[in-house]
Structures are given as C-alpha cells and as structure tokens.
1. Is it true that some residue in the range 349-359 is free of Cβ contacts under 8 Å to residues at least 12 places away in the same chain and surrounded by fewer than 21 Cβ atoms within 10 Å (Cβ to Cβ)?
2. I'm trying to understand the selection: among the residues of the range 96-111, which are within 17 Å of the chain's Cα centre (by Cα) and part of a loop (DSSP other than H, G, I, E, B)?
3. Which condition breaks for residue 569 when tested against (1) in contact with a strand residue (DSSP E or B) (Cβ under 9 Å, 6 or more places away or on another chain); (2) closer than 22 Å to residue 322 by Cα; (3) surrounded by fewer than 23 Cβ atoms within 10 Å (Cβ to Cβ)?
4. Just to verify a result, which residue in the range 468-493, among those that are farther than 24 Å from residue 359 by Cα and surrounded by 22 or more Cβ atoms within 10 Å (Cβ to Cβ), is farthest from the chain's Cα centre (by Cα)?
5. In the range 295-311, how many are buried (at least 16 other Cβ atoms within 10 Å of the Cβ) and under 14 Å from residue 283 (Cβ atoms)?
6. Looking at residue 411, is it at pLDDT 95 or above and buried (at least 24 other Cβ atoms within 10 Å of the Cβ)?
7. Scan (1) crowded, with 17+ Cβ neighbours inside 10 Å; (2) touching a strand residue (DSSP E or B) at 6+ places or on another chain (Cβ under 7 Å); (3) more than 20 Å from residue 47 (Cβ to Cβ) for the single condition residue 281 breaks and write down its number.
C-alpha cells in the first residue's frame with residue numbers, strides 16, 4: 001500500500017473544495033456586499049465576524065421579529081469538503097481558503113521558532129476547521145471566572161446556556177426516533193456513556209458519538225490499567241479520567257459547525273415573518289469600529305470595512321456593534337479603532353484600555369509518535385491510496401466509516417499528583433510549584449490519542465505504509481502569557497479616506513515560565529508509560545519512533561526540556577485578550593455584560609473575553625458565552641416603559 005502524502009491529499013481536497021463552490025446553490029441572504037441593495041437597509045446590530053460566536057449571536061438576536069442583523073465575515077461559506085468531512089480537518093490548516101494563516105513572532109523560549117496559529121477564515125470560524133471536540137471543562141473553572149469579579153458567570157449560571165445550544169444525540173435512540181441515527185455506523189456502546197441531566201437535546205448544535213478506531217479503545221484500556229479512572233461523561237459531574245470524547249458532528253456524519261447549526265436551518269437567513277432578518281456579507285475585511293462623542297459619552301455607531309472588491313465601505317448600527325472576531329481578531333480591531341493601551345502611530349486615539357491585546361493564553365501540545373502492530377486498527381493505513389477512495393465513496397453514500405472520525409478520538413484528563421506525584425513533591429519542596437488549576441477537580445494535563453501519524457499539524461508523514469498512532473499532551477493551565485498587537489502592513493495605505501491595513505502581531509510568549517516546560521516533560525514520561533502498557537496489548541503495540549527514548553531519555557531532564565521547547569505546537573485555544581472583569585481590574589476590557597469599558601454600545605463576544613483560559617476545548621465555552629450575551633442584549637434592549645422612551649436610547 002502506498003502511504004498517504006499530505007501534499008497530494010491537500011491537492012485532492014483543494015480540487016474537491018473548488019467543486020463544492022462551483023456546484024453550490026447561492027443562499028438567499030448570504031453573499032458578497034451588494035452596494036445598491038445593502039446601503040438601503042438599516043441594521044439594529046452589526047456583528048463583526050461570522051465565526052463561532054457571531055453565528056450564535058446573529059441567530060438569537062433575530063428571534064425578535066422587529067430586529068435586523070448584519071453579519072460581516074472575511075471568509076466565505078463552509079459548504080466545502082474539507083470543512084464538512086470530519087477526518088480531513090487538518091487539511092484546512094495553513095490553507096488560504098479556510099485559514100487566516102497567522103504566525104507568531106519568533107518565540108524566544110521555544111527555540112526561536114515562528115509558529116502557526118490556525119484560525120478559521122470561513123463562515124463558522126474555527127468551528128468550521130477544528131477537531132470538533134465538544135468539551136466544556138470543569139465546573140470550578142467557571143466558578144473561578146465569577147470569583148474574579150464577574151457575577152453571573154458561575155458554573156450554575158453557565159450550565160443552562162451550555163444546554164441551550166446543544167442538540168445532544170442520544171446514541172441509544174432507535175432509527176425510528178425523530179432524533180435517532182441517520183446512518184448505520186458501527187456503535188461502541190461501552191464508550192458512548194453520558195449523564196443526561198447535563199445535556200440539552202433541543203438546541204441546534206448537534207453533539208454525537210461517532211467513529212472509534214481499535215487503537216483508541218486500546219488507549220482507554222491502557223489508561224485504566226495505569227490507574228486512570230473511566231469517565232462516563234467528560235461534560236458531566238467530573239471531567240477527570242479517560243474515555244472517548246464527545247464531538248460536534250451531525251447524525252449524518254457531517255461536521256456541525258456553528259454556521260451549519262445556527263445560520264443554515266430553514267427560515268433563519270434571511271429570515272422574516274416570525275423572525276427578524278439576517279444579512280450575511282462574505283468577503284468583508286473589517287478595518288475599524290466607528291466611535292463618536294454624544295452627550296459626553298463615547299459611543300460606537302458603525303463599522304468601516306473593505307468589501308470583496310477592496311472597496312472601502314461604512315455601515316451604521318442603530319443599536320450596537322458586536323465584536324465577535326475571536327482572540328486575535330477582536331483585539332486587532334479594537335487597536336485599529338484607537339481603543340488601545342496607549343496612542344499608536346497613524347491611528348487616532350479614542351480610548352485608553354491597557355488590557356486590549358494583553359493576557360493571551362493558549363494550550364500548547366507535545367506529541368510523541370509510536371509504531372503500532374500491523375494488525376492494529378488505525379487511521380494511518382485507512383488514508384493510504386488503496387483505501388482512501390473507497391472510504392470517500394462510503395462516506396458520501398452512507399455517511400459512515402473512517403472519514404467520520406475526527407482523529408482525536410479518545411482523551412485523558414489528569415492531575416499532576418495522579419501521574420507525577422514525585423514531581424509535585426519535588427517542586428513544592430523547591431518552592432517552584434505553581435498551582436494554576438481552579439480546584440482539586442480541575443485537570444492539569446490532557447492527553448489526546450490520535451490513531452494517526454501526527455507531526456507538525458500532520459504536514460509530515462512517514463515514507464512507509466506501517467501503522468502509527470500519536471499521543472499529544474496539552475498543558476491546560478499555562479503560566480506563560482503573551483500579547484496581540486498590530487503593525488502597519490507593508491505597502492498598505494489609506495484609500496479614499498479609509499483606514500490603512502494592519503497585520504496582527506501575535507506573541508504568545510510560550511514557555512516564558514519554565515514551570516510549563518517541566519510539567520510537559522512529565523507528561524511525555526507518562527505518555528511513554530501508557531505506550532509501554534499498550535505494547536503489551538497484542539492488538540495494538542507501541543514502539544516509540546519520535547522523538548525516540550534513546551534520543552530523549554526519561555532520565556535526562558535537559559534533553560526532555562529541549563524536546564518540549566523545540567517541538568510543542570499550539571492546539572488552537574487562544575483566549576483572554578479582551579478579558580472580562582470589573583472596572584477595578586486594570587487589564588479588564590469588558591464588564592460582566594461584555595460591554596467595553598468606557599465605550600457605549602460596543603461589546604466583545606467571543607473567546608477573548610474569558611477571564612482565564614479554561615481547562616477545556618474552548619469552542620463549547622465560546623458558544624455558551626454567545627448564548628448568554630444574546631440574552632443580555634435582549635434584556636438591555638427590552639421594550640421600554642413610557643417613562644423610558646425608546647427615542648432617548650437611540
């Protein structure tokens with residue numbers, strides 16, 4: 001069998017994506033800017049960014065039949081093969097059609113590397129290109145958010161909003177049930193357990209169990225043998241333990257992106273009738289928020305953007321401007337709008353907020369690759385040329401098979417004292433231990449099991465057709481934090497009075513705290529321990545091929561640290577760059593209702609407002625934030641009493 005070649009795979013997927021665009025039927029209400037028509041409309045809310053949060057906010061606000069919502073999205077529709085098909089999600093990374101292709105500045109403490117920072121430049125945002133892992137994180141993380149001066153953001157307050165968006169598909173339902181399976185997928189009931197009281201079933205965002213390779217089952221067995229408890233439901237009472245991860249994949253095997261969930265259902269876009277209207281403008285590159293002084297108050301009143309033809313446009317909001325551009329995009333737009341820590345050259349300074357672009361936190365992951373036995377059931381062999389075409393045909397016709405896998409199939413969530421007690425004792429004795437977890441039930445490390453060869457975002461493949469799997473340890477509570485800034489883009493200049501273009505300067509400052517490196521080195525040791533246990537399994541096996549124990553021995557802290565420093569990569573969870581907090585917090589950008597401090601009628605609604613990076617895959621938390629913010633906006637714009645005339649608020 002000829003092994004998979006990432007470059008060839010990207011070429012094939014690119015061709016299929018182009019075919020998807022050519023054969024897709026234009027959707028009413030979605031498309032590029034139509035100046036003759038769009039300038040005639042008046043919009044109550046302008047949503048900046050049609051990503052994960054923006055899709056939710058637009059849908060929920062348009063539940064009011066009197067409301068008109070405009071969504072400005074830089075990318076295009078996500079009805080393409082590489083987005084819809086779970087198993088090929090990594091082919092969206094560093095793809096100009098789907099990814100912003102952000103890069104970091106050289107990371108001083110990570111080998112001087114310039115590292116990829118994938119973010120979705122596509123309707124649905126990163127929910128349209130990521131690994132579809134539905135994980136909320138521990139309850140204590142949200143209680144900590146509230147304790148940081150954000151009333152109303154405890155887990156008790158957030159849980160109803162997690163459930164509101166969720167359309168959990170009970171795997172035990174029969175095909176005859178309205179929410180029963182739509183395919184004849186192979187079930188693995190042992191790993192499809194759940195706690196129903198923690199899930200919603202009526203929301204539009206589908207959460208399901210799908211494909212599970214035999215090697216992933218072996219990982220769960222090995223973890224249990226090493227003393228890791230089996231977790232019935234990572235989104236239930238506890239998130240500690242091992243099991244298959246729940247995924248946002250539809251019952252038909254297609255990714256349930258937030259675009260597909262919230263902007264695709266019939267009647268939502270363009271809306272009308274019992275609903276308000278939504279206009280989604282694609283190819284819109286947002287330049288800045290427009291702010292004016294009115295009655296002694298700084299107030300957002302509109303947006304400047306460049307359309308698909310690179311023509312500057314301006315559009316006004318009757319009620320509010322809602323910034324949903326993500327942990328990189330939202331601080332970028334604020335900075336370009338003159339809302340920044342200090343005045344910047346070529347940008348009129350509007351308002352000083354020291355926290356804009358500060359506090360950047362992210363989950364780094366370190367992968368170790370293992371050679372499996374020939375009979376082991378892994379994805380690597382399934383993606384070889386001899387099997388990939390039949391797999392694709394099966395997926396298109398039946399919605400089943402290996403292409404419904406999102407690769408990161410099974411996970412461990414662990415605390416350091418469980419797998420590295422000697423390390424914890426030593427660090428505490430030295431006075432160097434740093435506890436960043438929110439409580440005793442919040443994990444320090446996640447280990448993702450991928451039945452696939454994963455190096456550098458799967459851009460590097462072996463030159464043979466052997467079987468491989470990878471374990472990736474994520475640092476869930478990093479001590480290191482960084483910044484997002486902007487700089488003038490080379491060659492950019494003002495056109496017809498519009499703002500010049502800026503590039504996003506991302507410095508996560510990875511490993512500036514050496515404790516982060518030492519924690520990840522301990523995780524490498526534990527992954528090797530799991531692999532040794534898996535090697536005893538006649539159906540799996542486990543011989544390390546990268547980095548190799550001879551090259552990086554467990555007993556050599558220097559080499560382990562070098563391996564972590566030079567090989568760790570982002571796992572796509574940037575947050576906290578427009579932190580939520582009270583006005584007494586000097587680095588807070590928004591209050592607990594997500595209103596920008598000091599600027600009226602401007603909110604930030606996305607992962608950037610998280611007060612602290614949760615020990616979770618951040619997409620679910622971002623959607624929860626968007627659900628909660630939508631209700632807040634509705635409350636703030638409720639029909640006023642006669643003593644509070646609407647005219648006084650406009």
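1. yes
2. 98, 100, 101
3. Only one criterion is unmet by residue 569, namely (2).
4. Per the stated criteria, the residue is 468.
5. 3
6. Here the answer is yes, as residue 411 does meet what is asked.
7. For residue 281, the exception is condition (3).
Residue-wise test of (1) out of contact with any strand residue (DSSP E or B) (no Cβ under 9 Å at 6 or more places or on another chain); (2) surrounded by fewer than 20 Cβ atoms within 10 Å (Cβ to Cβ); (3) closer than 24 Å to residue 87 by Cα.
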site: 149; (1), (2), (3): no, yes, no
site: 154; (1), (2), (3): yes, yes, no
site: 158; (1), (2), (3): yes, no, no
site: 166; (1), (2), (3): no, no, yes
site: 188; (1), (2), (3): no, yes, yes
site: 192; (1), (2), (3): no, yes, yes
site: 197; (1), (2), (3): yes, yes, no
site: 206; (1), (2), (3): no, no, yes
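The values are calculated or read from the model by the stated rules, or taken from the named source; none is laboratory data. As the structure is a prediction and not an experimental result, all values here were calculated from the model. Positions of Cβ are generated from backbone atoms using ideal geometry, with glycine treated the same way; all protein chains shown enter the neighbour counts.
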